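Structure first, then comments.
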Amino acid sequence: MKEEITFEDFLTVDIRMGTIIEVNDFPKARKPAYQLKIDFGALGVKKSSAQITDLYTKEELLNTQVSAIINFKPRQIANFMSECLILGVYNSDGNVVLLKASKGAKNGEQVR
């Protein structure tokens, strides 16, 4: 378990719902990954790199709604600038399973 944080600490993390609108291979990544473009509605489109190639094909990711942290500082990954972090959990095989809303949510809606 990690160190306890306050509710105010949690409020500094901006988690939003967005829809993947573009998926590309990322051959320059050290580990197999995709380059994604995610539509966050009025907040715009952000890019992310995601190591989720073991469980997800490009076709099944397209138009999938995901949750992501959008207020991280951009991070350079090889020749790609990642602007947000898609949320997931490692399964027993060590693969990332994406966290999604159980029912559709509006792009840009904040996770609370």
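Quick note: the coordinates plus some simple rules give every number you see, no bench work behind them. Predicted model only: the values in this text are computed from it and were never measured. Counting neighbours? That spans all protein chains shown, and the Cβs are built from the backbone with ideal geometry, glycine included.
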Using a Förster distance of 30 Å, the FRET efficiency for residue 76-residue 12 (Cβ separation, nearest 0.05): 0.85
Dipole in debye (nearest 20) - the stretch 1-46, about Cα centre, beta carbon charges: Lys, Arg +1; Asp, Glu -1: 400
Cα-projected label distance for residue 90 with residue 45, points at 7 Å along beta-carbon direction, nm: 3.3
Sorted peptide list for 12-23, 50-61, criterion being average Cβ within 10 angstrom, highest first: 12-23, 50-61
Charge-dipole axis of the stretch 7-98 as Lys and Arg at +1 and Asp and Glu at -1 on Cβ define it, positive-most pick from 49, 95, 7: 49
Cα-centre dipole for the chain with unit charges at Cβ (Lys and Arg positive, Asp and Glu negative), debye to 20: 260
Helix-derived mean residue ellipticity, 222 nm - over the chain, DSSP H n ≥ 4, -39500 (n - 2.57), to 500: -1500 deg cm²/dmol
Likely footprinting exposure, 92, 48, fewest C-beta neighbours within 10 Å first: 92, 48
Relative packing of peptides 31-43, 70-82 - highest average C-beta neighbours within 10 Å first: 31-43, 70-82
For the stretch 1-66 versus the stretch 91-112, the gap between their alpha-carbon centres in whole angstrom: 9
Cα gyration tensor shape for the stretch 7-98, rounded if a/c is under 1.5, else prolate or oblate: rounded
Linear extension gain, residue 100 paired with residue 1, 0.36 nm per residue minus alpha-carbon span: 33.3 nm
Positive minus negative residues near residue 56 (Lys, Arg vs Asp, Glu; Cβ under 13 Å): -2
Dipole-positive endmost among 66, 110, 26 within the chain (Cβ charges, Cα centre): 26
